[in-house]
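Inspection log for the structure reproduced underneath, given as structure tokens.
The values are calculated or read from the model by the stated rules, or taken from the named source; none is laboratory data. Keep in mind the model is a prediction, meaning the values are calculated, not measured. FYI the Cβ positions are ideal-geometry reconstructions off the backbone, even for glycines, and counts take in every protein chain you see.
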Amino acid sequence: MNSAPARHIELETPPLQPDDFFQTLADSTRLRCLVLMAAHDELCVCELVHALDLSQPKISRHLKLLRDAGVVDDRRERIWVHYRIARKLPAWARQVIQATVEAHLALSPFADDAMQLATMPDRPGERCSK
């Protein structure tokens, strides 16, 4: 019998496919979250809840779909979860997001979301303190 030690084989994540990427962005709530994240680098769930004026469970469900698709990364800080554009997102997908932000950030609903986010108290230093 062969007694060689078992080797750990890391499976590579399959590359993001355009149809999956665009299906993920087809929902307006996910697109609005993504545009805000792209414009602000990283946002906490509570900031997105405030900006979009939607419930925390709804925002979290959409963020989970973005994360599962590989479009965003999350970072936990105590009880809060922060999201940002995925670091391993392909260049073509980043270009699509950047072009969307540049062309639409000043238009509704994206401009409204940005203005609402700006009214959130205790940002960014005491983020999510309430």
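Only one entry in Val96, Val101 is under 20 Å from Ile59 (Cα atoms), out of contact with any Gly (no Cβ under 6 Å at 6 or more places or on another chain) and either of a type in the set (Val, Ile, Thr) or part of a helix (DSSP H, G or I) (or both), namely Val101.
Close Cβ contacts (under 7 Å, 6 or more residues apart or on different chains) running from residues in region 84-109 that are hydroxyl-bearing (Ser, Thr, Tyr) to residues that are surrounded by 14 or more Cβ atoms within 10 Å (Cβ to Cβ) comprise Thr100/Val35. Selection of region 26-40 for residues being out of contact with any helix residue (DSSP H, G or I) (no Cβ under 7 Å at 6 or more places or on another chain) and among the aliphatic types (A, V, I, L, M) yields Ala26, Met37. Among the criteria (1) modelled with pLDDT under 95; (2) basic (Lys, Arg); (3) touching a strand residue (DSSP E or B) at 6+ places or on another chain (Cβ under 7 Å), the one Arg78 does not fulfil is (3).
Looking across Ala51, Ala111, Ala69, Ala99, one residue alone is modelled with pLDDT of 95 or more, under 15 Å from Leu34 (Cα atoms) and in contact with a helix residue (DSSP H, G or I) (Cβ under 8 Å, 6 or more places away or on another chain). It is Ala51. Looking at region 68-80 only, could you name the residues that are of a type outside the set (Val, Ile, Thr) and within 14 Å of Asp27 (Cα to Cα)? Result: Ala69, single match. All of (1) at positive phi; (2) in contact with a Ser or Thr (Cβ under 9 Å, 6 or more places away or on another chain) hold for Arg78 with one exception: (2).
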